[in-house]
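No lab work stands behind these numbers, since they all come straight from the coordinates. Since the model is a prediction, treat every value here as computed from it, not as a measurement. Every residue, glycine as well, gets a Cβ built from its backbone with ideal geometry; the counts of neighbours run over all protein chains shown.
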Amino acid sequence: MRGPFSFLMRIGLFLFVALQASTPSQAVIVDVTLTDSAIIPNSVVIAPGDTVRWTVLSGAHQLHSDTDSFKSWDSGLLDAPGRTFALPFLYADGAGPFFYIDLGYGFGGAVLVADTCWATGTFNESGPPTVADLVRVVRVLGGSEPVPDNIYRLDLNGDCIVNEADAQLISDLFEFGPGVLPQYPVPTCCFPELQLVCPIPLTGDANGSGSLTTADIIFLVMYMFKGGMGPMPCAAAADADCSGHISVADVIYLVSYMFKNGPPPCDVCTLIPDTWLCPQ
């Protein structure tokens, strides 16, 4: 259902959220009071993880979310002074704004969540990632490029931690498109924790292109015999047979997989996580 907010007011609320400073904060409870003449205040700005608590001062109220809202809720009947309804707003809920209506009186309200950013799997303004984007992502996750300010764009599972799980989702996103995710872009916090030990989205992908091709075989041969550039983001990316070291056996393994229906490269991070320590 549409609340009584005008179109211009909705646009204004969106802009208000966009202009809020993005600074980490501890989760808090934000109080709103309900009377028989108003919601006070009728809009609040909170940080992800905060809880909004509505408290009845007078009258009978029932708070119901706008039908267009990504987050849906209903408070049930709050019909006596002192009755409360509390609702947390998480990173996974997105930035909103979340409009709602007091069914008892028809008053409209809004909750606006600042400090919510959107993950796309690429550092560019749009996604999903291209081959060039994926190469850069792999280099950043591997430590061969500095960590950019918008590292949140890699947090495709929205848990506020960038780690191997996100590297795998980036690989899946590149291969299959946004349909592999329940929502895209993905809402996340603007300052996620970087927690990477072995960010190898695809073992055997020596050149960091995001896919296994003959170019990886050539890249590996040049590295071992011609003094070429090393595997990206680190040596573990080329350990196709999970032996714990790079050798001609890895070249043979890749050739067998690509041309002789041999087994695919193993998951080096899962099978031998204590052998390789990729840079962070």
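With the charge dipole of the range 164-228 set up from +1 on Lys and Arg Cβ and -1 on Asp and Glu Cβ about the Cα centre, the Cα lying farthest toward the positive end among the listed residues PHE225, GLN168, PRO201 is that of PHE225. Note that the range 115-122 has calculated 3J(HN,Hα) couplings of 6, 9, 10, 10, 8, 10, x, 9 Hz, one per residue in order, obtained from phi through the Karplus relation 6.51 cos²θ - 1.76 cosθ + 1.60 (θ = phi - 60°); glycine and proline are x. For the pair SER243 and MET229, label points projected 7 Å from Cα toward Cβ lie 2.5 nm apart. A Förster distance of 41 Å, applied to the separation of the beta-carbon atoms of GLN183 and THR84, puts the FRET efficiency at 0.85.
As a proxy for reagent exposure, HIS245, HIS64 were ordered by neighbouring Cβ count within 10 angstrom, fewest first; the result is HIS245, HIS64.
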